[in-house]
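The values are calculated or read from the model by the stated rules, or taken from the named source; none is laboratory data. Being a predicted model, the structure only gives us computed values, none of them experimental. Cβ placement follows ideal geometry from the backbone for every residue including glycine, while neighbour counts extend to all protein chains displayed.
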Amino acid sequence: MILSRQMACQILGLPEWANEADIKTAYKNLAKVYHPDAGIMKDSSRYILLQEAYHYLLSHPYMPAPKPRVFGGKAMQNRQAEYHAFNKKMKEQKRARQEAFEEQERRRDEEYRKAMAAINDIIVAETLKKLIRDQL
């Protein structure tokens, strides 16, 4: 019974990182030698082991180990550049929001002064009307 990819690759005479085409080629070549009908080997146990290894390798493809993360170097520089670009964008957006808020506050103050001036004008006009009525 095949227990690992390494064991199956050893049976077929392949490195662990062999691809599907290499596996098929090695299996075909060894099957010609060890097949019971080929006449070279009368014992079928070796051929059965080849079949098990072949099917195991096709059902368990090679997965390379993930590359370790390297701190520093270009990867770190790229992350730092992205971080600085992000911070710059956030500062620009914050400044734009602040400017928009200040503009809105300026408009409100201006509208408030105009409204207060209109109210004062109405009060003066009402006072003048009352004075004119009182004099008549």
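Residue count for the stretch 2-31 under the criterion of being charged (D, E, K, R) and in contact with a helix residue (DSSP H, G or I) (Cβ under 6 Å, 6 or more places away or on another chain): the result is 1.
Every test in (1) of a type outside the set (Gly, Ala, Ser); (2) assigned by TED's automatic domain parsing to the domain that holds residue 10; (3) modelled with pLDDT of 90 or more; (4) farther than 18 Å from residue 9 by Cβ is passed by residue 98 save one, and that test is (2).
Go through the stretch 37-49 residue by residue and tally those that are surrounded by 12 or more Cβ atoms within 10 Å (Cβ to Cβ) and either out of contact with any Phe, Trp or Tyr (no Cβ under 6 Å at 6 or more places or on another chain) or touching a residue at least 60 places away in the same chain (Cβ under 8 Å) (or both). Please lay out each step first, then the result.
As a first pass, look at the stretch 37-49 and keep what is surrounded by 12 or more Cβ atoms within 10 Å (Cβ to Cβ): 38, 41, 44, 46-49.
Now drop any that are not either out of contact with any Phe, Trp or Tyr (no Cβ under 6 Å at 6 or more places or on another chain) or touching a residue at least 60 places away in the same chain (Cβ under 8 Å) (or both), which leaves 38, 44, 48-49.
Residues in the stretch 37-49 being surrounded by 12 or more Cβ atoms within 10 Å (Cβ to Cβ) and either out of contact with any Phe, Trp or Tyr (no Cβ under 6 Å at 6 or more places or on another chain) or touching a residue at least 60 places away in the same chain (Cβ under 8 Å) (or both): 4 in total.
Consider the stretch 1-11. How many of its residues are in contact with a Phe, Trp or Tyr (Cβ under 6 Å, 6 or more places away or on another chain) and either without any contact (Cβ under 8 Å) to a residue 40 or more places away in the chain or not in a loop (DSSP other than H, G, I, E, B) (or both)? Break it down stepwise before answering.
Going through the stretch 1-11, the residues in contact with a Phe, Trp or Tyr (Cβ under 6 Å, 6 or more places away or on another chain) turn out to be 2, 8.
The next check asks that each one be either without any contact (Cβ under 8 Å) to a residue 40 or more places away in the chain or not in a loop (DSSP other than H, G, I, E, B) (or both); those that pass are 8.
Total meeting the criteria: 1.
Could you please find all residues in the stretch 13-55 being outside any helix (DSSP H, G or I) and of a type in the set (Asp, Glu)?
We begin by selecting, within the stretch 13-55, every residue outside any helix (DSSP H, G or I); these are 13-19, 35, 39-44.
Scanning the stretch 13-55 gives 16, 43.
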